[in-house]
Amino acid sequence: MAAFGRLSGVLGRSLVNRGRLYSAAAEHGDSSRCRTWKILTYVVALPGVAVCMLNAYLKTQHHSHERPEFVPYEHLRIRALKFPWGDGTKSLFHNPHVNPLPDGYEDLENDH
């Protein structure tokens with residue numbers, strides 16, 4: 001019953017009073033809440049990051065590093081204006097191994 005009274009009191013306050021209530025609780029430093037977030041960080045967040053890193057590493061190991069086949073789709077390489085850098089055909093972050101020019105891949109002398 002006391003919990004219901006506390007809940008109705010919190011819900012009945014104005015938004016300004018609620019903001020003051022939350023900021024006041026943060027200033028006093030409730031150690032149990034701090035401990036809960038610390039445990040969640042070490043038990044959930046860090047292992048989650050580790051699993052994502054492992055997944056990315058394993059995907060790169062099984063990924064084929066061959067050049068994709070060039071298919072001359074006209075709608076993918078429309079050049080209304082030339083790029084303002086270089087010769088005007090290569091994008092700013094152009095990778096000659098992966099990004100073809102409008103007429104196909106560049107011929108590299110040292111294909112890896």
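Observations on the structure shown:
- Qualifying GluC sites (Glu not before Pro) for the range 31-112 [loop in DSSP, other Cβ within 10 Å: at most 16]: E66, E69, E106, E109
- Phi-based couplings in Hz for the range 37-50 (Karplus 6.51, -1.76, 1.60; Gly and Pro marked x): 5, 5, 5, 4, 5, 6, 8, 10, 5, 5, x, x, 5, 5
- Stretching Y57 away from R79 to a fully extended chain increases their span by 4.3 nm, per 0.36 nm per residue minus the current alpha-carbon distance.
- Karplus-based coupling profile of the range 53-69, in residue order and whole Hz: 5, 4, 4, 5, 5, 5, 5, 6, 5, 8, 7, 6, 9, 7, 6, x, 5, with θ = phi - 60° in 6.51 cos²θ - 1.76 cosθ + 1.60 and x standing for Gly or Pro.
- Karplus 3J(HN,Hα) series, Hz, for the range 86-97 with 6.51 cos²θ - 1.76 cosθ + 1.60 (x for Gly, Pro): x, 8, x, 9, 9, 5, 5, 10, 6, 10, x, 7
- When you filter the trypsin sites (Lys or Arg not before Pro) in the range 39-112 for DSSP loop state and at most 16 other Cβ atoms inside 10 Å of their Cβ, you are left with R77, R79, K82, K90.
- Built amide H within the under 5 Å cut-off of L101, gap 5+: E106
- Note that the range 47-99, at 4 °C in a medium of 1.567 mPa s, gets a Stokes-Einstein diffusion coefficient of 89 µm²/s from its Kirkwood radius over C-alpha pairs.
We did not get these values from a lab; they are worked out from the coordinates using the rules stated. For clarity, every value in this text was computed on a predicted model and none was experimentally measured. Positions of Cβ are backbone-derived with ideal geometry, glycine not excepted, and every protein chain shown enters the neighbour counts.
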